[in-house]
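Just below is one structure, and these are the notes that go with it.
The values are calculated or read from the model by the stated rules, or taken from the named source; none is laboratory data. Keep in mind that this is a model prediction, so the values were computed, not measured. Here Cβ is always computed from backbone atoms with ideal geometry, including for glycine, and neighbour counts include all displayed protein chains. When the accessible area is computed, the model is the full protein with side chains, heavy atoms only, and any ligands, DNA or RNA have been set aside. Shrake-Rupley method; radii C 1.70, N 1.55, O 1.52, S 1.80 Å.
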Amino acid sequence: MIIFDILLLLAAMFITGSLIYSSVKLGISPMPSSRKAYKVMSDLVDKTGTGAIIDLGSGWGNFVIPIAKNNRQRQVIGYEMSILPWLISLVLKQIFGLSNLTLHRENFYHASLPAASVIVCYLYPQAMIKIQAKLLLEQPKIDFLISNNFALPTFQPDTVIMLDDFYKSPVYLYKITK
């Protein structure tokens, strides 16, 4: 029983240490979208065509796993830097047999984004500034961007949906390519 307790303690220390390290290194911890935000974002994704869906900061897979399950005809790509959430997503991908899902443990700021119907993200204001700069500089073939809670600084959203939650959180839809 002592060995089990030691292994459990080591696992807890690894998990905690991994999350703290990733949070300090990236400036933000992996935070899933609320159910209401997920529903709105999922409905918006359904209106973006048939091309690839990219999730910037795919975290624990709360969005990419269900989206890949419900859109098996579309390629779904997730980018996540935190090792533990990325590993959990990989396991879930295998459990559900999601051959249409690709998960990168890569900094999406440095990645060459593939052409896609839509980018989905739930990040923070400074990240949205960097994403906007990336979109303007690299001009990847991206049709739409959906952001939970945080706006692109100078782009005008085509749609803003206010969630029926405590904070009246916004979900933004931007048409990127004209």
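Structure notes:
- P(r) of the range 46-178 over all Cα-Cα pairs, binned every 5 Å from zero, in whole percent: 2, 11, 21, 23, 21, 14, 7, 1, 0
- Amide H partners (placed H, <5 Å) of ILE54, local residues excluded: ILE77, VAL118, ILE119, VAL120
- Distance between the C-alpha centres of the range 57-87 and the range 111-178: 17 Å, rounded to the whole angstrom.
- Stokes-Einstein D for the range 33-80, Kirkwood Rh over Cα pairs, 37 °C, 0.692 mPa s (µm²/s): 304 µm²/s
- Per residue, the range 52-178 exposes 48 Å² of accessible surface when a 1.4 Å probe is rolled over the protein heavy atoms with every protein chain present.
- Rounded, prolate or oblate (a/c below 1.5 giving rounded, otherwise prolate when a/b exceeds b/c) for the range 104-149 by Cα gyration tensor: rounded
- Karplus 3J(HN,Hα) series, Hz, for the range 86-97 with 6.51 cos²θ - 1.76 cosθ + 1.60 (x for Gly, Pro): 4, 5, 4, 4, 4, 4, 4, 4, 5, 4, 8, x
- Solvent-accessible area, 1.4 Å probe, carbon plus sulfur percent, for the range 39-178: 58 percent
- Charge dipole of the range 98-170 (Cα centre as origin; +1 on each Lys and Arg Cβ, -1 on each Asp and Glu Cβ, all else neutral): 200 debye, rounded to the nearest 20.
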